[in-house]
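Report on the following structure.
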Amino acid sequence: MPTVINYNRARLNNITNGTVVTLTPATSPLLLLTMGIYVAAPVSFLEIMSSVGFETPDNDTLVTVRVDVDFVTQGASDVFIATPNSQQLTFHTILENLTVGHHVIQLFASTDADIGIDGPVTMSAWVLA
């Protein structure tokens, strides 16, 4: 059974209809969250859970959310949001055998049409060995 060696989290907000950040093609990709985590053992797993809530768009849109670790894309997910729907996108990224040391984790979003990000916007990471 894996043991949790380290844990960290970041959030923009925890509620739907919270702070609204407007995502546009001109601002894409938009950095939503940044956090760091320490990997203490060379044989380990880094699991990252990301969640982003979107408002109802004026026009149908494709949104991409990606996770970068040390400035390299390691996970991504696309969602097509059709009017009159809103959407909550949650996905899991798993990495193995990272080098020992501190690592930067960033959450980005991009789109092909204007859309509001209203939450929740969260990211959690666990180092397991």
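The values are calculated or read from the model by the stated rules, or taken from the named source; none is laboratory data. Because the structure is a prediction, the values reported are computed rather than measured. Note that each Cβ is placed from the backbone with ideal geometry, even for glycine, and that neighbours are counted across all protein chains shown.
Can you name the residue in the stretch 54-69 that is under 14 Å from the mean Cα position of the chain (by Cα) and among the charged types (D, E, K, R) and, of all such residues, is farthest from G36 (Cα to Cα)?
Restricting attention to the stretch 54-69, the residues satisfying the condition of being under 14 Å from the mean Cα position of the chain (by Cα) are 54, 63-69.
Pick out the ones that are also among the charged types (D, E, K, R) and you get 66, 68.
Numbers: R66: 16, D68: 11 Å.
Restricting to residues being under 14 Å from the mean Cα position of the chain (by Cα) and among the charged types (D, E, K, R), the top hit is R66.
Please verify whether L12 is farther than 16 Å from A129 by Cβ, at pLDDT below 95 and in a strand (DSSP E or B), treating the condition exactly as stated.
Working: farther than 16 Å from A129 by Cβ: yes; at pLDDT below 95: yes; in a strand (DSSP E or B): yes.
Answer is yes for this residue.
Conditions (1) farther than 27 Å from Y7 by Cα; (2) touching a residue at least 24 places away in the same chain (Cβ under 8 Å); (3) assigned to a strand (DSSP E or B), marked per residue:
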{"position": "N59", "(1), (2), (3)": "yes, yes, no"}
{"position": "G75", "(1), (2), (3)": "no, yes, yes"}
{"position": "D78", "(1), (2), (3)": "no, no, yes"}
{"position": "G119", "(1), (2), (3)": "no, yes, yes"}
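Of the residues that make up the stretch 64-86, is at least one crowded, with 16+ Cβ neighbours inside 10 Å and among the acidic types (D, E)? Checked against the condition, which is being crowded, with 16+ Cβ neighbours inside 10 Å and among the acidic types (D, E), the stretch 64-86 yields at least one hit. Check the stretch 47-58 and report whether any residue there is surrounded by 15 or more Cβ atoms within 10 Å (Cβ to Cβ), of a type outside the set (K, R), within 20 Å of N13 (Cα to Cα) and touching a Pro at 6+ places or on another chain (Cβ under 7 Å). For the stretch 47-58, residues surrounded by 15 or more Cβ atoms within 10 Å (Cβ to Cβ), of a type outside the set (K, R), within 20 Å of N13 (Cα to Cα) and touching a Pro at 6+ places or on another chain (Cβ under 7 Å): present. Restricting the stretch 100-113 to residues that are of a type outside the set (G, A, S) and surrounded by fewer than 16 Cβ atoms within 10 Å (Cβ to Cβ) leaves a set whose member that is farthest from I81 (Cα to Cα) is V100.
State yes or no: is A125 under 25 Å from V4 (Cβ atoms), modelled with pLDDT under 95, small (G, A, S) and surrounded by 13 or more Cβ atoms within 10 Å (Cβ to Cβ)? So A125 does not fit the description; no. As for the stretch 21-43, it holds no residue that is buried (at least 17 other Cβ atoms within 10 Å of the Cβ), hydroxyl-bearing (S, T, Y) and either part of a loop (DSSP other than H, G, I, E, B) or in contact with a strand residue (DSSP E or B) (Cβ under 7 Å, 6 or more places away or on another chain) (or both).
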